[in-house]
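The structure appears below as structure tokens.
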Amino acid sequence: MKRIKIQPLTPEAFAPFGTYTSVLNPEGEYLAGPHHKYYRENSRYFAQTGLPIGLSPIVVDTQAMKIDSVEYHNYACEAILPINDDAIVHVTPAGGAPDTAKTKAFLVPKGTMITLFPGVYHLCPLPAAADKLNALILLPERTHNNDFTLVELPADQQFQITK
């Protein structure tokens, strides 16, 4: 089984898959008032739908990190915000059948929102240290019903995430 090593989240390494911004430790340009700093558009989210964006909590148990399936969305980004723990997120470039030789696994610090581009293969975020990961998922309403494709990986494309 292939092994994918977890790497730190950096703008350069994550750029083919999406964008991210730290909610707890924002950086970059901002607008300020006497009691606030507004860090505008550090990350982007878009969807080809007129539906409202749903804010959906997810709770993920610790697991062996053996990945045998992935999902993708054709028309919307997916945003993931780990709340109580750092998260491990695996991504494979969009286009054609998933080629897990190109898969990357990133350590996403808690309080950092990532936005995956449409078509990027992924699955739910995994807890890095806690028994359960609480995270927030942003997707257009009903994406699970009208823009969700689950791909079962053949044995030669399955992988194990390692630290």
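Derivation of every value follows stated rules applied to the coordinates shown; laboratory data play no part. A quick note: this is a predicted structure, and the numbers were derived from the prediction, not measured. Ideal geometry is used to build each Cβ from the backbone, glycine not excepted, and the neighbour counts take in all protein chains shown.
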Point to revise | Identity of the residue in region 112-144, of a type in the set (Val, Ile, Thr) and part of a strand (DSSP E or B), that ends up farthest from Ser69 (Cα to Cα) | key: Thr112
Revision key, fill the gap. Within region 1-28, of all residues that are surrounded by 10 or more Cβ atoms within 10 Å (Cβ to Cβ) and without any contact (Cβ under 8 Å) to a residue 24 or more places away in the chain, the one farthest from Pro82 (Cα to Cα) is Gly28
Review point. How about region 17-39: which of its residues are in contact with a strand residue (DSSP E or B) (Cβ under 8 Å, 6 or more places away or on another chain) and either over 30 Å from Thr103 (Cα atoms) or not in a loop (DSSP other than H, G, I, E, B) (or both)?
Key: Gly18, Thr19, Tyr20, Thr21, Ser22, Tyr30, Leu31, Ala32, Lys37, Tyr38, Tyr39
Check your understanding: Can Asn84 be described as under 28 Å from Ile6 (Cβ atoms), touching a Lys or Arg at 6+ places or on another chain (Cβ under 8 Å) and not in a strand (DSSP E or B)?
Key -> yes
Check your understanding: Here are some residues: Glu41, Glu12. Which one is on the phi < 0 side of the Ramachandran plot and acidic (Asp, Glu)?
Key -> Glu12
Review point. Taking region 87-111, which residues are farther than 15 Å from Thr21 by Cβ, part of a loop (DSSP other than H, G, I, E, B) and not hydrophobic (A, V, I, L, M, F, W, C)?
Key: Pro93, Gly95, Gly96, Pro98, Asp99, Thr103
Revision key, fill the gap. Scanning region 89-103 residue by residue, those touching a Phe, Trp or Tyr at 6+ places or on another chain (Cβ under 7 Å) and under 21 Å from Lys163 (Cβ atoms) turn out to be Val89, Val91, Thr92, Thr100, Thr103
**Study point:** Residue under evaluation His35, criteria (1) of a type outside the set (D, E, K, R); (2) within 15 Å of Phe106 (Cβ to Cβ); (3) exposed (fewer than 12 other Cβ atoms within 10 Å of the Cβ), criterion not met
**Key:** (2)
**Study point:** region 46-66, residues that are surrounded by fewer than 16 Cβ atoms within 10 Å (Cβ to Cβ) and either in a loop (DSSP other than H, G, I, E, B) or of a type in the set (Ser, Thr, Tyr) (or both)
**Key:** Phe46, Gln48, Gly50, Leu51, Pro52, Ser56, Thr62, Gln63, Ala64
